[in-house]
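So the structure is just underneath, and the comments pick up after that.
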Amino acid sequence: MASEAHDLQELRRSASLATKVFVQRDYSDGTLCQFQTKFPLELDSRLERQLFEETVKTLNGFYAEAEKIGGSSYLEGCLACATAYFIFLCMETHYEKVLKKIAKYIQEQNEQVYAPRGLLLTDPVERGMRVIEISIYEDRCSSRSTSSRSSSSGGGGGR
Amino acid sequence: MSVMVVRKKAMRKWEKLPGRNTFCCDGRIMMARQKGIFYLTLFLILGTCALFFAFECRYLAVQLSPAIPVFAVVLFLFAMAMLLRTSFSDPGVIPRALPDEAAFIEMEIEATNGTVPQGQRPPPRIKNFQINNQIVKLKYCYTCKIFRPPRASHCSICDNCVERFDHHCPWVGNCVGKRNYRYFYLFILSLSLLTIYIFTFNIVYVALKSLKIGFLNTLKETPGTVLEVLICFFTLWSVVGLTGFHTFLVALNQTTNEDIKGAWTGKNRVQNPYSHGNIVKNCCEVLCGPLPPSVLDRRGILQQEESGAQGDSSTRGPSTQEPGALEKSSTQEPGAAQVLSAQAVGSTREGSSSPTRQSAVPMLPLSPTGMPEETQPSAVELPAQTRDDGPTEH
């Protein structure tokens, strides 16, 4: 785990940022935090569609869980109201707990899926929950091959 | 011979946040810039309650029951807690787009609309989305450089986009949005109850005491009673009315902003896609639903290297990085008009259609969440509102 994190740092140092892709929010379900699963063309040469869709769908699932309106959220809300919301000084909200899970998931995905392909996911919470930012790195060092597939950026690939 | 001292200074992100907010306690507290009316609210609540506890409570606790002041204290503390929570918390500000993101969106817009020749005003940037079989338009915010989520709006007073924007309330000194709407609602509700409580027991006190020593003597002994009754009387009409209005909004899962604009009313308009159709469910979602944390990260550290020769430039208070935002924000929805018309609607609403901006023209917050109803103090306050409160700035 530590070595993989170290690899991520190395990637950032050895690679230069080529471009960024922003996955926008999907508002078809109202104001719930959901992201579009449409595959960005810039990633075409770097990443398999299925992996991307799986990442976004899992994230969407996490956000849906965080914003779920049900018995437990009502209980939390009522308890908090009864204590004039002072209880949040010592207790984390359900939403915050899920955000921590999301942060952990994104780190895992970066280490296992995205960094080996020269990509980096940024947690949406750092972008105000507006977008999922995917940074595309061009590898400077020839010894570090970022992808097992040869990437020819002729098609709709990265600039 | 000058010596440059380079030292790493840990700056917190709130010091560099754009927008017209003030921050206190090293970023823990976030408010609008004009706080004069908020201090008035505090003064009126504290003053009236202090008078009540000092005079009437002593008599009533002995004559009737000690539970009377106890309950008053509980209500008072709850109302104050809710007021401070509303005023000091992040209403749901959407951080502005970073340059990369803004450029990406611009590219996407140009791809759809085509490039606009220099000097020409670009067409309004709108995206259409379908929510629950209704078409909802997303507008582009030129100041924040983002497509605003549904129900979000740009407050021109605070110069921020706020999620589920309700209105900007000068009486709490902050915007009311997604993250602090429930605190605002509970504040006006508890303030209504507190006002009714104090008003009732003032009448009871005067009645009881008048039986013993006469009406005029009672008033001479505790002149504060007259003041309290006057304040409570005028507050009742405004705050209770406002509470009723917001109860109506909560039951329909609407915001003040949407109600004023008539977003969901009228024959040719879409129905509110956010309402569950069930009053209880709507109330539960708005008041007891999950509370998203602030995405502003005010207290995050910005690592910076500063040279000692340049001096320390970090001071408390916002950095006005976008002076041009003032001009830009005038093209956004006029948050100030929303404030005032919101306040106007709150007091005059009786189930009929809202008078919208015409009634707001006299620029009087007619439905204060504070105590007084007199319009003269409000009119005096308003010019102060447009200036920066110098001595009260943190």
Next item on the list: Tally the residues that are crowded, with 22+ Cβ neighbours inside 10 Å and either among the aromatic types (Phe, Trp, Tyr) or more than 13 Å from chain A (Cβ to nearest Cβ) (or both), restricting the search to the stretch B:71-102.
Entry: 3
Check: Counting only residues that are under 24 Å from A:Ala80 (Cβ atoms), out of contact with any His (no Cβ under 9 Å at 6 or more places or on another chain) and buried (at least 18 other Cβ atoms within 10 Å of the Cβ), how many does the stretch B:253-282 have?
Finding: 2
Notebook entry, point to check: Of (1) modelled with pLDDT of 90 or more; (2) within 11 Å of chain B (Cβ to nearest Cβ); (3) farther than 24 Å from B:Lys145 by Cβ, A:Gln112 satisfies all except one. Which?
Noted result: (2)
Check: What are the residue pairs meeting all of these: first residue in the stretch B:215-229, first residue modelled with pLDDT of 90 or more, second residue buried (at least 16 other Cβ atoms within 10 Å of the Cβ) and hydroxyl-bearing (Ser, Thr, Tyr), Cβ atoms under 6 Å, and 6 or more apart or on different chains?
Finding: B:Glu228/B:Thr48
Note to self: Restricting to the stretch B:17-38, count the residues that are in a helix (DSSP H, G or I) and farther than 17 Å from B:Arg85 by Cβ.
What the structure shows: 3
Check: From the list B:Ile203, B:Ile188, which one is among the β-branched types (Val, Ile, Thr) and surrounded by fewer than 21 Cβ atoms within 10 Å (Cβ to Cβ)?
Finding: B:Ile203
Margin query: Is it the case, given these coordinates, that A:Gly77 is within 10 Å of another protein chain (Cβ to nearest Cβ) and at positive phi?
Written below: no
Check: Checking B:Gly27 against (1) away from chain A (no Cβ under 14 Å); (2) more than 22 Å from B:Pro223 (Cα to Cα); (3) surrounded by 22 or more Cβ atoms within 10 Å (Cβ to Cβ), which single condition isn't satisfied?
Finding: (3)
Next item on the list: Would you mind telling me which numbered condition in (1) among the small types (Gly, Ala, Ser); (2) modelled with pLDDT under 85; (3) under 19 Å from the mean Cα position of the chain (by Cα) B:Gly119 fails?
Entry: (3)
Next item on the list: Check the stretch B:50-70 and report whether any residue there is under 30 Å from A:Arg130 (Cβ atoms), of a type outside the set (A, V, I, L, M, F, W, C), more than 10 Å from chain A (Cβ to nearest Cβ) and in a helix (DSSP H, G or I).
Entry: no
Next item on the list: Check the stretch A:82-90 and report whether any residue there is more than 12 Å from chain B (Cβ to nearest Cβ), surrounded by fewer than 18 Cβ atoms within 10 Å (Cβ to Cβ) and part of a loop (DSSP other than H, G, I, E, B).
Entry: yes
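Please tell me if B:Phe76 is at pLDDT 90 or above and farther than 30 Å from B:Thr143 by Cα. Show your work before the answer.
On the way: at pLDDT 90 or above: yes; farther than 30 Å from B:Thr143 by Cα: yes.
The answer is yes for B:Phe76.
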Note to self: Which numbered condition in (1) modelled with pLDDT of 90 or more; (2) touching a Ser or Thr at 6+ places or on another chain (Cβ under 9 Å) is the only one that B:Val250 fails?
What the structure shows: (2)
Next item on the list: State yes or no: is B:Ser156 small (Gly, Ala, Ser), under 28 Å from A:Gln34 (Cα atoms) and away from chain A (no Cβ under 14 Å)?
Entry: yes
Note to self: Name the single residue that is surrounded by the most Cβ atoms within 10 Å (Cβ to Cβ) among those in the stretch B:211-230 being at negative phi and not in a helix (DSSP H, G or I).
What the structure shows: B:Thr222
Note to self: Can you say whether B:Ser65 is of a type in the set (Gly, Ala, Ser) and under 19 Å from B:Ile157 (Cβ atoms), as far as the supplied structure shows?
What the structure shows: no
Next item on the list: With the checklist (1) at pLDDT below 90; (2) within 30 Å of B:Glu285 (Cα to Cα); (3) touching a strand residue (DSSP E or B) at 6+ places or on another chain (Cβ under 9 Å) in hand, flag the one item A:Val23 doesn't pass.
Entry: (1)
Next item on the list: Return the residue satisfying two criteria in turn: it lies in the stretch A:44-74 and is without any contact (Cβ under 8 Å) to a residue 12 or more places away in the chain and within 14 Å of another protein chain (Cβ to nearest Cβ), and of such residues it is surrounded by the fewest Cβ atoms within 10 Å (Cβ to Cβ).
Entry: A:Gly71
Notebook entry, point to check: Any chance the stretch A:56-71 includes a residue that's at pLDDT 85 or above and more than 20 Å from the chain's Cα centre (by Cα)?
Noted result: yes
Check: Assuming A:Thr37 fulfils every condition listed in (1) surrounded by fewer than 19 Cβ atoms within 10 Å (Cβ to Cβ); (2) assigned to a helix (DSSP H, G or I); (3) among the β-branched types (Val, Ile, Thr) apart from one, which condition is it?
Finding: (2)
Checklist line | Test: residue in the stretch B:264-282 that is hydrophobic (A, V, I, L, M, F, W, C), more than 29 Å from B:Pro69 (Cα to Cα) and assigned to a helix (DSSP H, G or I) | finding: yes
Margin query: Testing A:Arg130 on (1) within 14 Å of chain B (Cβ to nearest Cβ); (2) among the basic types (Lys, Arg); (3) free of Cβ contacts under 8 Å to residues at least 40 places away in the same chain, one condition comes back false. Which one is that?
Written below: (3)
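The values are calculated or read from the model by the stated rules, or taken from the named source; none is laboratory data. No experiment lies behind these values; they were computed from the predicted model shown. Positions of Cβ are generated from backbone atoms using ideal geometry, with glycine treated the same way; all protein chains shown enter the neighbour counts.
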